[in-house]
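**Q** This structure is in structure tokens; I'll ask about it shortly.
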Amino acid sequence: MYHPQNRISTRSMNRRDFLWLASVSTLGLVSGCAVNPVTGERQFMLMSESGEISLDQKHSPHQFSADYGEVQDSNLNSYLDRKGKDLAAITHRPDMPYSFRCVNATNVNAYAFPGGSIATTRGILLEMENEAELDALLGHEIAHVNARHTAARMSRAIMAQALLAGASLYLESQQEDYAAVAAGLGAVATGALLASYSRANEREADELGMQYMTDAGMNPQGMVGLMDVLQGVNSRKPSAIERMFSTHPMSQERYDTARYRAENEYAHARDFPVHRERYMDNTADLRRMRGAIEDMQEGEEHMGRQRFHEAEDSFSRALSQAPEDYAALVLMSKCQLALNRPQRARNFSDRAVRVYPQEAQAHHISGVAAMDLGRYDAALEGFRRYEDMLPGNPNTIFLKAVCLEGMGRKSDSAGEYERFLHSSGAGEKADYARKRLQEWGYMDSSDE
């Protein structure tokens, strides 16, 4: 168990502590009936459209940062945003504030927040071969927004919680899962906002996605091709696609249905284009990095299995090919933390900050490394910079409190512990914060 009172001297922290410290997890927190924009039928809904947008704007930046930020390839991001918005304009909810980007994560994944913020990873863009497959992917994610799948799921969860806890309408914060943190060493636990879709949700998103892409003049075989791609990745490197399959459950039924609908219901579109060359042109710079990205995928698999020396070798190969790649530098920094080399970890995280100063995660990792070196002032500065960019992360607030405590600044530390308790009231860290506040006279035991 993690007992911070025994670990203020961070030189004594074990690797589990640092796997937690290196995480930047966020909490997914969530307005009776509404007309479903897709079916036109009334459905149970406690969340308004403005609520969906507000949640999206609050939480999506944390997920994008956990995925190492948007790629620093303005042409690629412009291409994705243009393609996505052209497709979204002909859907059931064209007025949502859609945005589309590629993030630096190397796993094979795509996801949508309820207000229309949609991301694809570098890993999945490398696997696809034409615009028809891209439109199938984006259409599927847009469909989740259009059908309000996240809002409906969260509305049911709110009601279930209310029934269990009287009139209390809230979602209980998810407890940190060390196994999940260890598997990604820094990947955000996205909570309720990106929880697994049901098979019914996935079928509806497939159906709508194919409708949207053909309405846009794209060949429906792109949806079949996309599923072929995903199944192929799963057979070749399952760890790279594990997260996508955990939130977007795949089945033979989905594949068979897509193939049947493409060949029958959308037979009229069988000669529509797939635009392979245009896709290849717009992803050319990314594809030149394939070797480095595959080495990062391999390194992350080693990290998940706690084979840290093998991970270090993989990340070294990636950096030899792409020495200024932000994700590779941050991944190597996390690997050095796991190997109990805080100075080397800080060197890599500081390089990542120089490469991409607008992205937050490297500041957080730099702060963790500085804590391990006993440099609380430098650690505090790293956490402050992170919080300036991405406010609202309870873990960062707690770490600031620990740093201030280590510097002997009890009053300031108490203020941060109180702020942490207001943002996250459960778990071992909360117990520690309360204990410190009680010991210092800022809280009575009756306040618990």
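**Q** Looking only at residues that are in a loop (DSSP other than H, G, I, E, B) and either open to solvent by 10 Å² or more (accessible area, probe 1.4 Å) or among the aromatic types (Phe, Trp, Tyr) (or both) in region 48-74, which one is nearest to residue 331 (Cα to Cα)?
**A** 68
**Q** When the residues of region 405-416 are narrowed to those that are assigned to a helix (DSSP H, G or I) and open to solvent by 10 Å² or more (accessible area, probe 1.4 Å), which ends up nearest to residue 378 (Cα to Cα)?
**A** 406
**Q** Can you tell me which residue in region 203-250 is surrounded by the most Cβ atoms within 10 Å (Cβ to Cβ), limited to those that are farther than 21 Å from residue 132 by Cα and among the polar types (S, T, N, Q)?
**A** Ranking the candidates gives 239 first.
**Q** Going by what's in this entry, would residue 101 be described as in a strand (DSSP E or B), open to solvent by 10 Å² or more (accessible area, probe 1.4 Å) and touching a helix residue (DSSP H, G or I) at 6+ places or on another chain (Cβ under 6 Å)?
**A** Yes: the conditions hold for residue 101.
**Q** Can you tell me which residue among 9, 23, 31 is modelled with pLDDT under 70, within 30 Å of residue 377 (Cα to Cα) and open to solvent by 10 Å² or more (accessible area, probe 1.4 Å)?
**A** When all the criteria are applied, what remains is 9.
**Q** Can you name every residue in region 301-312 that is in a helix (DSSP H, G or I) and surrounded by fewer than 18 Cβ atoms within 10 Å (Cβ to Cβ)?
**A** 304, 309, 310
**Q** Another question about this same structure. Within region 384-404, count every residue that is among the small types (Gly, Ala, Ser) and either outside any helix (DSSP H, G or I) or open to solvent by 10 Å² or more (accessible area, probe 1.4 Å) (or both).
**A** The total comes to 1.
**Q** Taking the options 39, 91, name whichever one is modelled with pLDDT of 95 or more, closer than 16 Å to residue 148 by Cα and β-branched (Val, Ile, Thr).
**A** 91
**Q** If you don't mind, another one. Of everything in region 417-443 that's crowded, with 19+ Cβ neighbours inside 10 Å and aromatic (Phe, Trp, Tyr), which residue is farthest from residue 380 (Cα to Cα)?
**A** 432
Matching residues to (1) in contact with a strand residue (DSSP E or B) (Cβ under 7 Å, 6 or more places away or on another chain); (2) open to solvent by less than 70 Å² (accessible area, probe 1.4 Å); (3) among the hydroxyl-bearing types (Ser, Thr, Tyr):
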position	(1), (2), (3)
269	no, yes, no
299	no, yes, no
314	no, yes, yes
322	no, yes, no
329	no, yes, no
334	no, yes, no
351	no, no, no
358	no, no, no
362	no, yes, no
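**Q** Got a sec? Which of 284, 292 is surrounded by 16 or more Cβ atoms within 10 Å (Cβ to Cβ) and either at pLDDT 95 or above or under 28 Å from residue 113 (Cβ atoms) (or both)?
**A** None of the other options fit; the residue is 292.
**Q** Only helices (runs of 4 or more DSSP H) wholly contained in region 122-169 count here; list those with 1 or more residues that are modelled with pLDDT under 95, under 19 Å from the mean Cα position of the chain (by Cα) and not aliphatic (A, V, I, L, M).
**A** 131-146, 149-164
The values are calculated or read from the model by the stated rules, or taken from the named source; none is laboratory data. Note that the coordinates shown come from a computational prediction; the quantities given were computed from them, not determined experimentally. A quick note on method: Cβ atoms are made from the backbone with ideal geometry, for glycine too, and the neighbour counts reach across all protein chains shown. These accessible areas exclude ligands, DNA and RNA; they are computed on the full protein's heavy atoms, side chains included. Shrake-Rupley method; radii C 1.70, N 1.55, O 1.52, S 1.80 Å.
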